[in-house]
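Written out below as structure tokens is the structure these notes cover.
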Amino acid sequence: MAAGSSRHERPRPGDPAVARRCGTAALLDPRERSMTKRPENPDPVFATDPGPPSFGFVEGDWFVEQDNGSTRLSMRVARLLHEERSPYQKISVYDTPFFGLMLAIDDIIMLTERDEFVYHEMLVHVPLLSLDAPRSVLIIGGGDCGCLREALKHPSLERAVQCEIDERVTRVCAEHFPWVQQAIDDPRAELVFADGVSYVAEHPGEFDAIIVDSTDPVGAGAALFRSPFYRSAAAALRPGGILTAQGESPHWDAGLVAAIHAELRAAFAHVTGYLCMTPSYPSGCWNLAFASDRARRPGPADDDRARFIAGSCLYYSPDVHR
């Protein structure tokens, strides 16, 4: 974060505003409007009540994401800091007055400084704290390194592999988000820029946890939501290992959430889901899928370890975990 941008700082633990936010420079030239429509997914598994495909665009000094044909989320933007088209997708970074820096992929919001910690903490700490002293974790996707940052908070972790297909996402984020370089520099971190489906299939029995921080199940990303990938992931886990994955909005995409869980049940004996509140995502409520070969009681495996990790978090706590 640039010096002097205090309004964009992430809130600190104990800040009473956190619960309010999460629980419950020239302006852009309107002539430079951008629009990217997410492709229709022909896969019938994910065609249940799909609604119109989401798309985003800039209109004047507002970034607009239309999610289901009936709702739009709009954020005022101060300026466009970076935009490029990699071999895989369009990558944009905006400065916004309220949400801080915002990353968009193909004109769909991936994260904002103001609320990214909710999603990343819940996606990472719930699985890792459900295990006894995990030693290895694989992150599929996650090019912004938010999941990697959170995973590296665990002292027991010896190896954290991040497999992201698009290296440019990580390099662009390293230029704008301060946590990225710190995570990359950790000696336990291992960056792999490759196809996640192939990587998982090639590494059986190596990981205590797998975290799938992917884009939505459209186009090439759909493979990360299908049972063949989940079977490979189950094989890549050690006995008792856990997979978590971003699982879409239960309010906007209930049929899609059900389809994802059905695909998971083809590979794992025990599948459930849990929620996180992320205001910059459609509906503000997001489903995270949880899968394992073993049934687990709700809550952390070790309360003392969970309290230790929670001390460095803004949202996660043992009570939230339960």
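Every number here is computed from the coordinates shown, using simple stated rules; none is lab data. Predicted, not measured: the structure shown is a model, and the values here were computed from it. Quick reminder, even Gly has a Cβ in these numbers, built from the backbone with ideal geometry, and neighbours come from all protein chains shown.
Points to keep in mind about this one:
- Per-residue HN-Hα couplings for region 84-100 [Karplus 6.51, -1.76, 1.60; θ = phi - 60°; Hz; x = Gly/Pro]: 7, 10, 7, x, 10, 5, 8, 10, 10, 10, 10, 9, 10, x, 9, 8, x
- Extension gain, A235 back to A254 (0.36 nm per residue minus Cα-Cα distance, nm): 4.0 nm
- Charge tally in the Cβ shell below 10 Å around L73, where Lys, Arg are +1 and Asp, Glu are -1, L73 excluded: -1
- FRET efficiency estimate (nearest 0.05) - Cβ-Cβ, A78 to R135, R0 51 angstrom: 0.75
- Pair C285, R171: separation of 7 Å Cα→Cβ label points (nm): 4.1 nm
- Under the Karplus curve 6.51 cos²θ - 1.76 cosθ + 1.60, θ = phi - 60°, whole-Hz ³J(HN,Hα) for region 189-201, x wherever Gly or Pro sits: 7, 9, 8, 10, 10, 7, 6, x, 4, 5, 4, 4, 5
- The separation of region 64-91 from region 294-322, counted between C-alpha centres, amounts to 34 Å.
- Under the shape rule built on the C-alpha gyration tensor, where the axes satisfy a ≥ b ≥ c, region 116-321 is rounded, since a/c falls short of 1.5.
- Cα-based shape type of region 69-111, given that a ≥ b ≥ c are square roots of the gyration tensor eigenvalues and the cut on a/c is 1.5: oblate
- DSSP bridge analysis restricted to region 116-321 gives an antiparallel fraction near 40%, rounded to the nearest 5.
- Listed residue (L128, M102, F117) projecting farthest to the positive dipole end of region 94-150, Cβ model: L128
- Ranked by how many other beta carbons lie within 10 Å on average, peptides 124-132, 70-78, 266-274 from highest: 124-132, 266-274, 70-78
- Full-extension gain in nm, S156 to D195, via 0.36 nm per residue minus C-alpha separation: 11.3 nm
- Once both labels are positioned 7 Å from their Cα atoms along Cα-to-Cβ, the gap between F308 and F98 label points is 3.9 nm.
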